[in-house]
Every structure is written in structure tokens, then in C-alpha cells.
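Take a look at the structure set out below.
The values are calculated or read from the model by the stated rules, or taken from the named source; none is laboratory data. Keep in mind the model is a prediction, meaning the values are calculated, not measured. Reconstructed Cβ throughout: ideal geometry from the backbone, glycine too, with neighbour counts over all protein chains shown. Surface areas here come from the heavy atoms of the whole protein model, side chains and all, with no ligands, DNA or RNA. Shrake-Rupley method; radii C 1.70, N 1.55, O 1.52, S 1.80 Å.
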Amino acid sequence: MKCFLYPDIGRVDEPLQLHMNGLQPKEKVNLKLRWEAPAGRWTSALSMNADENGKVTTQSKDVLANLIWKLRPENDNDFGKSTTSEIEPLVYHIDIEATESGWTESRSLTRLFQDDHVNRKNIMKTDFEGSFFYPNNTEQFPVIIVMGFDDLESYHTAALLASNGYGALQLSYGAGKTDSPTTGKRTVEQVHQAVDWVKENVNGNKDIILYGMSKGAELALLTASKNKDIRGVIAMSPTSHVLEVSDNQKQASPWTEKGQSVPYVPLSSGLDRLVKKFFKSSIHDANSIKQSIEKYEKKGKSDASYHAETGIGGILTY
């Protein structure tokens, strides 16, 4: 019996491959994965069958990727407490069992977000805070400014981008200066300041791209429509308009510019606000958001939309 699982140490975006031979034809093989997260153990399992020649061949796009995506905490209370505040490798343990032959194998997999050749520089400015990740084996590279609701997620994304040869400035729209301590709204100027920092500190850079996730994608598209130095936007789960902030108990814009609230599409009704107040949740979904936008446009309004495509090199959405 032979088993090859590789790379056992590699980046999280590298394909994983599993090859096994010497099994019985069509033999059932059980795979169990566990991850000792900081807050508790996560596990997943699935089964597959060898082919007519007693071989198993997989790539990350199917079996092993599914095994990782199926990971869930053994204690439901640990969901959402899976990471620390640092960019640490993910270490998985996989147990393999062939049901007919009784053969077993255990392996460890280490997945990295940041390669050894990547440097990190923490930045603390009056208007924004962030971390700049960059490869040390090249002098010039395009820079991507990464924005997201979760700091650690944006750290991971920035470190991974730098590992692939980009400069990546992690900027959480939930960090840094707000327009006032009472509203806590984030400013469009915060992103402008980050763009200016890149222009002043990264030699020869002429290609600045914004990468936004969720509300970060909204802010990325909004800022790109106003800043000629932004050459492109990568938007993950974006919106077509600035939408009302969803966790507020009253209607409000999530952003300000020059001290004024940015125009937005109202989403909440009186029922929404009651739900938020008493149940700490929201009834917004894709359909209700679409209906809110249609209602907004039927009133002849358009100031909450943004037209980033008119001033930048390209937009990639997914």
C-alpha cells in the first residue's frame, strides 16, 4: 500500500493532491480531518471509493477541498472563534482508513498564508491604520489595498497576495479614525489617505487596486469612483449602490465624505427596526435588498449609485 499526500507544507492557495494505490478494486476509503483551532477542535469526514485498479487520485478542487470546507466545530459555541489575532499556519491532521483491507494512515498538512520572503510593516496614521505586506525579492510591484469587515481575514488576504508577488496594504474600514465618536461612521477620506500613502512610500508604483469584501467592496467601489489614482477594483460580494448600514437601529449611511453622510438606499422599515431592537437580527436578504433598490430608483433617485467603471482600468466582481 502506498499513499502520497502533497504538498504537506504549502500555501493555502496551492492545490492539494492525494494518490493511493494497492487498495482493493472499488474499496471504500474513509477520510477524517481535524483541526485544533485556538477555541476548540473542528472536524469533518467523507468517504470515497478506489477505482477498478485499486487506486485513488484526487486534487484539491474536489475531495480534499470539500473535506476542508466541511470543517465544523465539535462545540457549536466555538463557531466564529476559530482564529487568533496573528497570521498563523493552519495545521490539519488527516486520518485515512481503507475499510476492506484494514489499512490506515495518518498525515499532517500545514497550510501557510505568508511565505518566508514576505515582509510586513505596520502603519499607524492619524486617519488610518493598516499593515503593508510586500515581497522582498523585487523592487517594483502593483499594490492592492485590501479592505474587509474582519481584520484577520483581510490580513490573510494581504499576506497571500504578497506571497504571490504583490504589495498589499491591509486596511480595515472598521479601524482608524471615524468622523465622530458618536456616529462611528467611516470616512471615504480614510481610503484616500491609504492611496496617498502608497504613492508616497512605494517607489515607482502606478498601479493601485482596491480589493473589498462585502461592505468593504461597497467602500472600494465608492472610493474608486472618486479617486483617479485607483486603477482597478476587485469586489467580493459587492453592491450596486451604497446601502443603509444594516446593524443600526435607525436608518443611517455607513460612510461620510467631507463631514457629510454619503447618500444611501434605505433598507429598513419600522418592522425591521423592531426586529433589530428586540431580536438583535435583521430580516434583510437579497430579494428584499433588490426591492429596496427598485423602490429607491422609482422615486427618480440615483445619487446612492457609484460609477467606478468610468474612471478606472477595470472591475472584477465575484
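When residues in region 11-34 are screened for being part of a strand (DSSP E or B) and either touching a Leu at 6+ places or on another chain (Cβ under 6 Å) or of a type in the set (Gly, Ala, Ser) (or both), 4 of them pass. Note on region 129-159: residues that are more than 20 Å from the chain's Cα centre (by Cα) and not polar (S, T, N, Q) amount to 3.
Just name the residue that is most open to solvent (accessible area, probe 1.4 Å) out of those in region 104-132 that are free of Cβ contacts under 8 Å to residues at least 12 places away in the same chain and within 23 Å of Asp196 (Cβ to Cβ).
Met124
Of the listed requirements (1) part of a loop (DSSP other than H, G, I, E, B); (2) open to solvent by 70 Å² or more (accessible area, probe 1.4 Å), Arg41 misses just one: (1).
So which residues in region 1-38 are in contact with a strand residue (DSSP E or B) (Cβ under 7 Å, 6 or more places away or on another chain), open to solvent by 60 Å² or more (accessible area, probe 1.4 Å) and of a type in the set (A, V, I, L, M, F, W, C)? Selection gives Phe4, Ile9.
Counting only residues that are in a strand (DSSP E or B) and among the acidic types (Asp, Glu), which one in region 92-102 is surrounded by the fewest Cβ atoms within 10 Å (Cβ to Cβ)?
Asp95
Scanning region 202-225 for residues that are free of Cβ contacts under 8 Å to residues at least 40 places away in the same chain and open to solvent by 40 Å² or more (accessible area, probe 1.4 Å) gives a single hit, Lys206. When Leu274 is tested against (1) at pLDDT 75 or above; (2) more than 23 Å from Val146 (Cβ to Cβ); (3) open to solvent by 50 Å² or more (accessible area, probe 1.4 Å), just one condition goes unmet, and that condition is (1).
Residues that are buried (at least 20 other Cβ atoms within 10 Å of the Cβ) and assigned to a helix (DSSP H, G or I) were ranked within region 296-313; the one that is modelled with the highest pLDDT is Tyr296. Only residues that are among the small types (Gly, Ala, Ser), under 19 Å from the mean Cα position of the chain (by Cα) and not in a loop (DSSP other than H, G, I, E, B) were counted in region 200-226, giving 4. Among the residues of region 147-169, is any open to solvent by 10 Å² or more (accessible area, probe 1.4 Å), at pLDDT below 90 and among the β-branched types (Val, Ile, Thr)? Looking for residues that are open to solvent by 10 Å² or more (accessible area, probe 1.4 Å), at pLDDT below 90 and among the β-branched types (Val, Ile, Thr), one finds none in region 147-169, hence no. Report whether or not Leu67 is assigned to a helix (DSSP H, G or I) and either under 18 Å from Tyr6 (Cα atoms) or open to solvent by 80 Å² or more (accessible area, probe 1.4 Å) (or both). Against the criterion (assigned to a helix (DSSP H, G or I) and either under 18 Å from Tyr6 (Cα atoms) or open to solvent by 80 Å² or more (accessible area, probe 1.4 Å) (or both)), Leu67 qualifies.
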